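Colleague: Take a look at the following structure, please.
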Amino acid sequence: MTIQPGTEGGVPTTAPAGAEIGAPAQTPPSPDKGMFGVQGTGDVSGFGRLARPRPAVLDSPRPYGEYFDDVYDALEEAYPAINDAIEKVVVDRAELTLHVRAERIAEVCQVMRDDESLRFELCSSVDAVDYLGSDERRFHVTYQLTSMTYRRRVRLEVAVADGVTVPSVTQVYPTADWQEREIYDMFGVVFPGHPNLTRILMPDDWEGHPQRKDYPLGGVPVEYKGAEIPPPDQRRVYQ
Amino acid sequence: MTTSEYASERETTEGRVFTVTGGDWDTLTASVDPLSNEKIVVNMGPQHPSTHGVLRLVLELEGETVTECRPVVGYLHTGIEKNLEYRNWTQGVTFVTRMDYLSNMSNEVGYCLAVEKLLGITDQITERTNTIRVMFMELQRIASHLVWLATTGMELGAISMMLYGFREREYILDIFEETSGLRMNNGYIRPGGLAQDLPESAVRKIRDFLKYLPKKLKEYEAMLSGQIIWQQRTQGVAVLDVTGCLALGITGPVLRAAGLPWDLRKTMPYCGYENYDFDVPTATTADVWGRFLVRVAEIRESLKIVEQSLDRLRPGPIWIEDKKIAWPAQLALGLDGLGNSLEHVAKIMGQSMESLIHHFKLVTEGFRVPPGQVYVAIEHPRGELGVHAVSDGGTHPYRVHYREPSFVNLQAIPAMAEGALLADVIAGGASLDPVMGGCDR
């Protein structure tokens with residue numbers, strides 16, 4: 001096939017300099033791409049077309065194993081409203097996750113910290129994940145609690161839809177201060193009760209919340225040795 | 001009205017604002033009426049030699065006493081966590097190593113342990129790989145603590161310590177370079193193994209270093225510990241007790257200097273740390289002096305671990321057996337830099353189509369990680385480094401969050417600075433050892 005310069009929209013009017021050398025990077029785009037430059041997965045094995053729905057996170061059955069039963073029983077004893085507060089208990093990869101209803105999280109944290117048989121003194125980390133498209137309540141705020149007394153770890157997870165608030169745990173764990181600010185900055189989740197909920201990593205006048213899945217990565221194409229390399233979020237992805 | 005080359009003042013709606021640019025504190029204080037303007041708001045940083053990086057502190061002063069301190073971070077935010085979501089799991093190492101640039105090996109190990117836990121292959125990591133990981137994490141800890149000694153020395157007026165600290169660290173960077181090809185940002189630890197094996201020449205260098213450092217360490221201790229200025233600048237300064245540390249989430253040497261021997265290498269071991277013989281140094285003073293003693297003692301303990309890891313080093317594979325995850329080729333140094341070894345390239349290009357396909361699929365697409373989430377924590381030179389990794393079953397991370405000890409520990413600055421003198425803000429901030437690249441990610 002011969003290339004007709006200047007006939008197709010988007011194709012340069014003349015062949016780029018050095019195109020006649022035939023280096024791959026300098027070959028002008030052809031309207032008839034055949035198998036090349038495919039949209040979608042780029043996977044010719046066929047497996048890439050398989051739809052893999054994210055499996056729903058299910059309740060784990062008792063016994064949970066390890067120290068997890070002790071933790072749950074202790075929480076049940078110390079916190080009578082447990083059935084109202086805990087939505088789900090998941091044990092996966094030797095980690096215990098308690099899915100807590102958003103409005104109860106500060107109370108649960110208080111019990112987790114203060115009860116003698118729980119004693120989760122340290123809140124190691126607070127962060128969020130955006131499950132856009134796979135969960136109605138897209139933002140999952142997770143709290144990684146550490147008990148130094150018993151050398152245990154537990155994860156509390158709170159799921160909220162866009163615009164729904166999560167009570168701040170800064171009264172229980174002051175260390176959550178900056179971490180909740182980071183979640184607000186990156187995801188736009190609001191924590192009532194936080195002493196100073198402002199942006200922390202992005203500039204104060206920034207618009208949007210960068211870690212949301214519908215917030216683009218951005219970037220500009222880069223030219224390297226004559227070839228233009230698109231920004232990372234527009235490159236071909238082998239998923 | 002002050003008119004000086006260095007200081008100027010202007011009236012704003014929020015009061016009088018002084019703009020000060022040089023060594024002219026006298027000019028400024030002379031122009032402030034002590035009866036009506038007791039409070040001065042000073043903006044320290046983000047470009048200030050004593051704030052340990054691009055950290056900005058907004059300080060409210062009465063005389064020389066700090067009444068309020070607000071740390072402002074975010075100047076080094078580069079969106080590493082967001083970028084990770086657009087690369088495959090192996091490429092992620094290249095990004096996380098650039099977070100806390102003074103302890104990149106620890107960042108890499110934390111990330112790889114999280115990916116391996118997601119894959120369920122933690123037990124399949126080879127003995128040799130675990131030993132090398134431990135060795136490099138400890139060398140990294142020594143390097144990081146040396147930089148801490150160096151920069152803190154500089155900030156408190158011991159300039160010679162800065163030169164010595166950086167000089168010793170260079171030995172460790174040489175070892176890293178010998179092994180991975182890079183001084184910093186190594187990208188050496190990979191999910192499932194290591195980028196390449198530890199060469200014999202690096203082992204010799206490590207052995208030399210183990211002989212060299214203890215002598216030097218004694219000199220530095222003699223130089224600083226006995227020095228009256230160093231003692232007065234550090235003892236009883238920026239005290240934060242165990243209760244304060246736990247409330248604010250402070251871990252690492254700061255917590256241990258307050259007296260709580262909490263070290264994840266002992267309390268929740270990973271990478272086989274339970275097989276090494278070492279102590280967890282603590283102090284009870286909870287001040288900058290205690291943190292200094294703890295860090296110097298930790299360098300000694302790390303040397304012990306490195307020595308044991310050299311003894312434990314046995315020849316063997318560095319990659320896990322699963323060929324769906326293990327990198328298909330050894331790396332080798334070619335004329336154009338580090339790349340896949342020539343033998344491997346010759347094989348996939350000349351002999352085996354299947355090897356070529358396998359290589360191509362693994363390198364471009366990467367491996368799939370079963371859906372789920374994990375939280376892995378390791379003892380970083382600055383405290384607990386937590387990696388919360390989430391997979392949706394694809395070849396890219398769905399979300400990776402770093403619980404950076406620098407970020408969390410910096411929250412302690414107001415608690416340590418308020419009520420103390422301005423000069424102690426420097427000592428207190430330095431004693432937390434924040435690395436802003438890690439803090440802001």
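Coordinate-derived values only; no laboratory data. This one's a predicted model, so the numbers in the text were calculated from it and none came from an experiment. Cβ: placed from backbone, ideal geometry, glycine included. Neighbour counts: every protein chain shown.
Colleague: With unit charges on the beta carbons (Lys and Arg positive, Asp and Glu negative) and the dipole taken about the Cα centre of the protein assembly as shown, which residue among B:Met353, A:Ser134, B:Val115 sits farthest to the positive side?
Modeller: With unit charges placed on the Cβ atoms, the residue in question is B:Met353.
Colleague: A further question on this structure: Could you tell me which of the pairs B:Lys266/B:Lys304; B:Lys216/B:Lys266; B:Lys117/B:Lys361; B:Lys205/B:Lys347; B:Lys324/B:Lys347; A:Lys88/B:Lys323 are separated by over 26 angstrom between their Cα atoms in the structure shown? Please report the intermediate quantities before stating the final value.
Modeller: Working: B:Lys266/B:Lys304 15 Å; B:Lys216/B:Lys266 28 Å; B:Lys117/B:Lys361 22 Å; B:Lys205/B:Lys347 33 Å; B:Lys324/B:Lys347 18 Å; A:Lys88/B:Lys323 37 Å.
Cα-Cα > 26 Å for B:Lys216/B:Lys266; B:Lys205/B:Lys347; A:Lys88/B:Lys323; rest within.
Colleague: What are the ³J(HN,Hα) couplings of the range B:326-338, residue after residue, when phi is run through the Karplus curve with 6.51, -1.76, 1.60 and θ = phi - 60°? Round to Hz, x for glycine and proline.
Modeller: In residue order, the calculated couplings are 4, 4, x, 10, 6, 8, 9, 8, x, 5, 9, x, 6 Hz.
Colleague: Other chains' Cβ within 10 Å of A:122-134 residues: what's the mean? Write out the running numbers ahead of the final one.
Modeller: Details: counts 9, 4, 10, 14, 5, 10, 3, 8, 3, 4, 0, 1, 3.
Mean number of neighbouring Cβ atoms from other chains: 6.
Colleague: If you don't mind, another one. Name the long-range amide H neighbours of B:Arg56: under 5 Å, sequence gap of 5 or more, or other chain; modelled H, no Pro or chain starts.
Modeller: Amide H neighbours of B:Arg56: B:Val72.
Colleague: Let me know the charge dipole size of the range A:68-187 about its Cα centre in debye, to the nearest 20, where only the beta-carbon of Lys, Arg (+1) and Asp, Glu (-1) is charged.
Modeller: That gives a dipole near 240 debye.
Colleague: Taking each residue of A:168-181 in turn, how many C-beta atoms of other protein chains fall within 10 Å of its C-beta, and what is the average?
Modeller: 3
Colleague: Out of residues 5 or more away from A:Tyr64 or on other chains, whose amide H comes under 5 Å of its own, with H placed 1.01 Å from N in the peptide plane?
Modeller: When sequence neighbours closer than 5 places are left aside, the close amide H contacts are A:Asp69.
Colleague: How large is the charge dipole for the protein assembly as shown, taken about the Cα centre, if only the Cβ atoms of Lys, Arg (+1) and Asp, Glu (-1) carry charge, to the nearest 20 debye?
Modeller: Once rounded to the nearest 20, the dipole reads 2000 debye.
Colleague: Sort largest first and round to whole Å: the equivalent ellipsoid semi-axes of the protein assembly as shown, each the square root of five times a Cα gyration tensor eigenvalue.
Modeller: 42, 31, 31
Colleague: Looking at the square roots a ≥ b ≥ c of the eigenvalues of the Cα gyration tensor of the range A:59-125, which shape do they give, rounded for a/c under 1.5, prolate if a/b is larger than b/c, or oblate? Show your work: numbers first, answer last.
Modeller: Details: a/c = 1.41, a/b = 1.23, b/c = 1.15.
Rounded is the answer for the range A:59-125, as its axis ratio a/c remains below 1.5.
Colleague: Any idea what the dipole of chain B comes to, in debye rounded to 20, about its Cα centre with Lys/Arg Cβ at +1 and Asp/Glu Cβ at -1? Write out the running numbers ahead of the final one.
Modeller: Values: 42 positive and 55 negative charges, 274 e Å.
The dipole of chain B has a size of about 1320 debye.
Colleague: Among A:157-168, B:132-143, A:191-202, how do they line up by average Cβ neighbours within 10 Å per residue, starting with the highest?
Modeller: B:132-143, A:157-168, A:191-202
Colleague: Checking understanding here: applying a Kyte-Doolittle mean of at least -1.0 and a length along the axis of at least 27 Å (C-alpha), which whole DSSP H helices in chain B pass?
Modeller: On the way: long enough: B:127-155 (42 Å, 0.06); B:159-180 (31 Å, -0.06); B:200-225 (37 Å, -0.62); B:288-312 (36 Å, -0.02).
Span-like helices in chain B: B:127-155, B:159-180, B:200-225, B:288-312.
Colleague: Name the shape class, rounded, prolate or oblate, that the alpha-carbon gyration tensor gives for the range B:57-164, where a ≥ b ≥ c are the square roots of its eigenvalues, rounded holds for a/c under 1.5, and otherwise prolate holds if a/b is larger than b/c and oblate otherwise. All intermediate terms of the calculation are to be shown ahead of the outcome.
Modeller: Values: a/c = 3.15, a/b = 1.67, b/c = 1.89.
It comes out oblate by the Cα gyration axes.
Colleague: Name the long-range amide H neighbours of A:Met148: under 5 Å, sequence gap of 5 or more, or other chain; modelled H, no Pro or chain starts.
Modeller: Under 5 Å from the amide H of A:Met148: A:Glu121, A:Leu122.
Colleague: With N set to the residue count of chain B, report its C-alpha Rg divided by 2.2 N^0.38 Å to two decimal places.
Modeller: The reported ratio for this selection is 1.09.
Colleague: Also, I was wondering about something else. Once a ≥ b ≥ c are taken as the square roots of the eigenvalues of the Cα gyration tensor of the range B:176-278, is the result rounded (a/c under 1.5), prolate (a/b larger than b/c) or oblate (a/b not larger than b/c)? Walk me through the intermediate numbers first.
Modeller: On the way: a/c = 2.40, a/b = 1.40, b/c = 1.71.
Cα axes put the range B:176-278 in the oblate bin.
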